[in-house]
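The block underneath contains the structure these notes are about, expressed in structure tokens.
The values are calculated or read from the model by the stated rules, or taken from the named source; none is laboratory data. Every value quoted in this text rests on a predicted model; they were computed, and no experiment measured them. Neighbour counts are summed over all protein chains in view; Cβ atoms, including those assigned to glycine, are modelled from backbone coordinates with ideal geometry. Please note that ligands, DNA and RNA were not included when accessible areas were found on the heavy atoms of the full protein model with its side chains. Shrake-Rupley method; radii C 1.70, N 1.55, O 1.52, S 1.80 Å.
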Amino acid sequence: MKPVSSYLCANQLRFHYLIWNAAAEKTALLVHGLASNARIWTHMANQLVGANFRLIAADTSGHGLSEIPQNGYSFDQIYQDLSAMIQTLDLKKPLLVGHSWGAQLLIEYASRTQFGPYAPSAIILVDGGIVQLNKVPDANWESTRTWLTTPKLAVMQLDDFINLLQAADSKWVPDDETIPLIMANFKVDELKRIYPRLSFDHHMQIVRKIWEYKLQDQYDRIRCPVLM
């Protein structure tokens, strides 16, 4: 099933989102990870539609086709964005699913929205929301920054990037259906050069916030079921 692409205005920003199976009664909101986009959920969405879920995957600010603010990449700001999106879409007691950084965003949301119609019925954390980076033994900001720094891919030729993705020595080689999902993270100019939609500076703003985030302090405030 192909999703419907749409936009909404929330928290004074314009957000892009995808929706599958709009008539279903059960709702799940899918939140992508850092430097990713809503289309990354496509393969899983095709599975969950069969379970009669209405699925909504949003591009967070600075990602995908959503608006790109110069600032506003803290956990508090993105909590405000996510809260405004959920209320604008009138998602009552939604099931929230987050991947990686998106899982951390759901920890923030669930810890701050404990009660009321827009509190989550449950949250599912996929490969994220478990480890607080600044409490990892022997971790420091310098090593973490190096680990999470994205390659500077701007102005790389599109063909070179595709060849890089499909290199024979890669641990994982995306198939023809997956490459368009990855390419949704980039803009391509008339000379077929790629530019990440999330800029390097904004990426690093978020990395710093991830390092500073007191993840474990949020756990005691969560009142809904959690699947890690």
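For the range 108-132, filtered to residues that are assigned to a loop (DSSP other than H, G, I, E, B) and small (Gly, Ala, Ser), the residue that is most open to solvent (accessible area, probe 1.4 Å) is Ser121. Scanning the range 182-194 for residues that are more than 19 Å from His32 (Cα to Cα) and of a type outside the set (Lys, Arg) yields a count of 5. Screening Lys135 with (1) open to solvent by 80 Å² or more (accessible area, probe 1.4 Å); (2) free of Cβ contacts under 8 Å to residues at least 60 places away in the same chain; (3) of a type outside the set (Phe, Trp, Tyr); (4) closer than 28 Å to Val226 by Cβ gives one miss only, at (2).
Among residues of the range 4-34 being open to solvent by less than 50 Å² (accessible area, probe 1.4 Å) and more than 25 Å from His203 (Cα to Cα), the one that is modelled with the lowest pLDDT is Ala24. Each residue in the range 172-213 was checked for being of a type in the set (Lys, Arg) and under 19 Å from the mean Cα position of the chain (by Cα), and 4 of them qualify.
Taking residues in the range 178-191 that are within 9 Å of Ile40 (Cα to Cα) and open to solvent by less than 30 Å² (accessible area, probe 1.4 Å), and partners anywhere that are among the hydroxyl-bearing types (Ser, Thr, Tyr) and at pLDDT below 95, the pairs with Cβ atoms closer than 6 Å and at least 6 places apart or on different chains are Leu181/Thr42. Against the test of being open to solvent by 10 Å² or more (accessible area, probe 1.4 Å) and farther than 22 Å from Val207 by Cα, the options Gln104, Gln80, Gln87 yield a single qualifying residue, Gln87. Among the residues of the range 54-63, is any of a type outside the set (Lys, Arg), open to solvent by 20 Å² or more (accessible area, probe 1.4 Å), touching a residue at least 40 places away in the same chain (Cβ under 8 Å) and at negative phi? Among the residues of the range 54-63, not one is of a type outside the set (Lys, Arg), open to solvent by 20 Å² or more (accessible area, probe 1.4 Å), touching a residue at least 40 places away in the same chain (Cβ under 8 Å) and at negative phi, which makes the answer no. Taken together, Ile68, Ile40 contain a single residue that is hydrophobic (A, V, I, L, M, F, W, C), in a loop (DSSP other than H, G, I, E, B) and open to solvent by 30 Å² or more (accessible area, probe 1.4 Å), which is Ile68.
Selection within the range 149-187: residues that are at pLDDT 90 or above and touching a helix residue (DSSP H, G or I) at 6+ places or on another chain (Cβ under 6 Å). The member of this set that is farthest from Val207 (Cα to Cα) is Leu181.
Reported count of residues in the range 15-30, each being in contact with an Asp or Glu (Cβ under 9 Å, 6 or more places away or on another chain) and under 15 Å from Tyr79 (Cα atoms), is 1.
Set side by side, the residues Glu177, Glu142 differ, and just one is closer than 30 Å to Glu25 by Cβ and among the acidic types (Asp, Glu), which is Glu177.
Could you list all residues from the range 45-63 that are in a helix (DSSP H, G or I) and at pLDDT 90 or above? Within the range 45-63, Ala45 is the sole residue that qualifies.
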